[in-house]
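The values are calculated or read from the model by the stated rules, or taken from the named source; none is laboratory data. A quick note: this is a predicted structure, and the numbers were derived from the prediction, not measured. Methodologically, a virtual Cβ is constructed for each residue, glycine included, from the backbone with ideal geometry; neighbour enumeration extends over all protein chains shown. The area values use the complete protein model at the heavy-atom level, side chains included, leaving out ligands, DNA and RNA. Shrake-Rupley method; radii C 1.70, N 1.55, O 1.52, S 1.80 Å.
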Number of protein chains: 4
Amino acid sequence: MNRGRPRSGHVDEAVADAVRALLAEAGYQALSIDGVAARAGVGKAGIYRRWRSKAEMVFAVVVHGPHPVAPADSGSLRADLSALAEHIIDLLSGPYARLVLPGLTADLSADPALAARFQAGVIDAERALVAEILDRARARGEDAGDDPAFVHALLLGPIYTYLFLAGGEVPPGLADRLASAAVAALGTKESP
Amino acid sequence: MNRGRPRSGHVDEAVADAVRALLAEAGYQALSIDGVAARAGVGKAGIYRRWRSKAEMVFAVVVHGPHPVAPADSGSLRADLSALAEHIIDLLSGPYARLVLPGLTADLSADPALAARFQAGVIDAERALVAEILDRARARGEDAGDDPAFVHALLLGPIYTYLFLAGGEVPPGLADRLASAAVAALGTKESP
Amino acid sequence: MNRGRPRSGHVDEAVADAVRALLAEAGYQALSIDGVAARAGVGKAGIYRRWRSKAEMVFAVVVHGPHPVAPADSGSLRADLSALAEHIIDLLSGPYARLVLPGLTADLSADPALAARFQAGVIDAERALVAEILDRARARGEDAGDDPAFVHALLLGPIYTYLFLAGGEVPPGLADRLASAAVAALGTKESP
Amino acid sequence: MNRGRPRSGHVDEAVADAVRALLAEAGYQALSIDGVAARAGVGKAGIYRRWRSKAEMVFAVVVHGPHPVAPADSGSLRADLSALAEHIIDLLSGPYARLVLPGLTADLSADPALAARFQAGVIDAERALVAEILDRARARGEDAGDDPAFVHALLLGPIYTYLFLAGGEVPPGLADRLASAAVAALGTKESP
DNA sequence: CCTTAAGCGAGACGGTACGTCGGGTCTTCGT
DNA sequence: ACGAAGACCCGACGTACCGTCTCGCTTAAGG
């Protein structure tokens, strides 16, 4: 049985609001636990009771999960992948992800436990979407390979590169071009 | 003419050694200017006189530039791209890049000036290599498209994804598969 | 009429035990309400229901009051005062008083209400003992002055000084010497 | 040779001012290092660089030492001791000592090193004054005993008792009465 | 007997202060 | 003028307690 005073949902809400507000104002690096606590009108202990680090907190608040985005079934592999790529572009250039992802990625590299949760909650979820799209294509008789992780990397990687390693903007038509590249790659023998 | 005592090369060496040692011991996030100064037996002022931030210092020391890697000319676009991909994999999974890149990427997103220098010094240099490879292919009569940046993103992005967003390891044969995908993409009309 | 569940004596016992144990282990300053509650297996509310502060709690537990030490009647003022001084020395150098008094005194200076209770429960009680001794002496025809508080200060003050302001140890024979000093002071005209 | 930037006297002054102001406003217990740093416009590190605790800081600032109060030589032991007692009363009921002493005494009991410094800097200094007075009296042919520490305790103890253990006020004429008591005690054989 | 008020252990709550660490700047002396 | 050294102000860190407040559960007295 659960003993003691139960945790208050109000804290979670207030922290989530404060995190989003402060991220928008100053970005991930400038976000501090002290600052969030003060802005949320919450004790620091209430935050540390829930999350062990800034990275965990932001991860929980911003990446918390609405990734159930069912992949559209347009009847063609290329169109499905293009839609998925467009979805990833939207996600990564969205209001918060853009501010959060580089810093969060850095923290992941120093916290294997959190990295595992990111892997499971975000990467694996997206790979599952790719797998579903490929399965459907295979059912239709299209050539769909057998490595959803590779196809996923072929979509996510270039998008991440444009956004966070190169200039910061995604070129127009990128989703289509990535989908075409992926389809072309699937229809190729890798060694001559 | 320069007056006063000239800068001592000894400082640069000592700092470079200290940065490498401390990176290996504790990683990028745990690296501090104080720590580097103490380890190098150097004053903090001597460091700030050279670089404006931790990110600049590490960037200068670790990514300092020896990227003159002439792209091998193997006579085939696919083989050239594969060699380049292999080179990128080696670079990114090298001893320091692996420890440094996620944190450095995060700092880039908060320091536009440094981001521009990273863009110019690393991204543009690699894009130029791709451009050279594509030019050679075109001269040979192969289909080479007109967007080296896209081809570069197609190589670097998935590698970065595997190393820093997903598990941390690059699957075997990745360089070949990426090169094949790029070549296939180039031989495709992007709109049906 | 008292309704509701009556207070459990078990709490008082458990708290008293915990306070004594923790005092012995770490002293007054390191004693915390959280610590006492945890050690006693008691809720913090149960403690705050009984006492308003750490000082009150410790005061109640350690100085709880059994000071009814009837002053021995030896037939001589000097001997009576010496016995009382010896008693005070024993009290103040006892196992807990020694750990508690300096900190408790400090808290008194910040809590007038508690100070008044300390004054009434400890100081006034001891002054009453002195008054009784002086009355007996006066009845015997000895010179006993008319200011028990002064005589009491003449006994308690030096003892406190030796124990808590100077080194920490009471010199041998102190009780006798203080009694002699007090008697001598009583037999003196204060202004020539 | 001393290397590095020397400590700034401005910090010492600012801290001393802030400590005095905050003591007057809220007392010793409510004084915090954070508060002093903020009020003084000084970093906490600057404080911790100088003193290891609140008690050390306050001790250094308030009790800093100028106790060179030469003992008046009035030609009589009783008058000298009375003057000294009056001086002690003034000291202890002075603006800061009153706020500081109880809390400081408490901290002494938890910090033997500081206790030793208090003993050496304050108690021993006052005992030396007593010793000097007694020496002068002995030179005059008066009976002066051989235990300055005892005489000192006979003066300081009752004063401390009145101020910090009993009500808080010193009764009028106390200095004279303590001096008389001390003189009387010196002229007495301690064992019947 | 059955309500019901108050007690109980537990522990979360908003806060404050702790002592430490790092950032980026400034100031000394010696080279 | 540069060098090492190190103090400067600032602000965040993660921890520990404070005193208060819910929880769900006894526990007895009063109706």
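Some notes on this structure:
- Apportionment of accessible area to carbon and sulfur, segment B:77-186, percent (1.4 Å): 58 percent
- Buried area at the A-B interface (accessible, heavy atoms, 1.4 Å probe, summed, Å²): 3200 Å²
- Over the residues of chain C, the helix contribution to mean residue ellipticity at 222 nm works out to -19000 deg cm²/dmol, using -39500 (n - 2.57) for each DSSP H run of at least 4.
- Measuring r between the beta carbons of residue C:135 and residue D:34 and using R0 = 51 Å, the FRET efficiency lands at 0.40.
- Centre-to-centre separation between the Cα atoms of segment D:45-120 and those of segment B:77-102: 70 Å.
- For residue C:64, inter-copy label distances in nm, listed shortest first [label point 7 Å out on the Cα-Cβ vector]: 4.9, 5.1, 7.5
- For chain D, a simple Cβ point-charge model (Lys and Arg +1, Asp and Glu -1, everything else neutral) yields a dipole of about 920 debye relative to the Cα centre.
- Among C:30, C:75, C:53 the positive-end extreme of the charge dipole of segment C:1-95 (Cβ point charges): C:53
- Debye, to nearest 20: dipole size of segment A:1-100, +1 on Lys, Arg Cβ, -1 on Asp, Glu Cβ: 700 debye
- Under-5 Å amide H pairs with residue A:74, H placed in peptide plane, nonlocal only: A:80
- Label-to-label distance, residue C:125 versus residue C:113, with points set 7 angstrom from Cα along the beta-carbon direction: 2.1 nm.
- Using a Förster distance of 35 Å, the FRET efficiency for residue C:76-residue D:76 (Cβ separation, nearest 0.05): 0.65
- Rounded to the nearest 20, the Cβ-based charge dipole of the protein assembly as shown about its Cα centre (Lys and Arg +1, Asp and Glu -1) stands at 340 debye.
- Structural descriptor for segment D:77-186: relative contact order 42 percent, calculated from alpha carbon pairs under 8 angstrom and at least 6 residues apart.
- Accessible surface, the protein assembly as shown, averaged per residue in Å² (probe 1.4 Å): 46 Å²
- Annotation: extensible slack from residue B:52 through residue B:90 equals 10.8 nm (criterion: 0.36 nm per residue apart, minus Cα-Cα distance).
- Cross-link table C:54/D:54; A:54/C:54; B:44/D:44; A:44/C:44; B:54/D:44; A:44/D:44, entries beyond 29 Å C-alpha to C-alpha: A:54/C:54
- Compared with the dominant principal axis of the Cα atoms in chain A, helix A:124-140 is inclined by about 20°.
- Of the trypsin sites (Lys or Arg not before Pro) found in segment A:30-65, those that fall in a DSSP loop while having at most 14 other beta-carbon atoms within 10 Å are A:52.
- Helix C:148-160 axis, angle to chain C major axis (alpha carbon atoms, nearest 10°): 60 degrees
- On Cα atoms only, tilt of B:97-108 relative to the major axis of chain B in degrees: 80 degrees
- Coarse-grained scattering of chain D at q = 0.12, 0.13, 0.17 Å⁻¹, given as base-10 log I(q)/I(0) from a Debye sum over alpha-carbon atoms: -0.68, -0.77, -1.10
- At least 50 Å² accessible surface lost relative to isolated chain, residues of segment A:163-178 (1.4 Å probe): A:165, A:177
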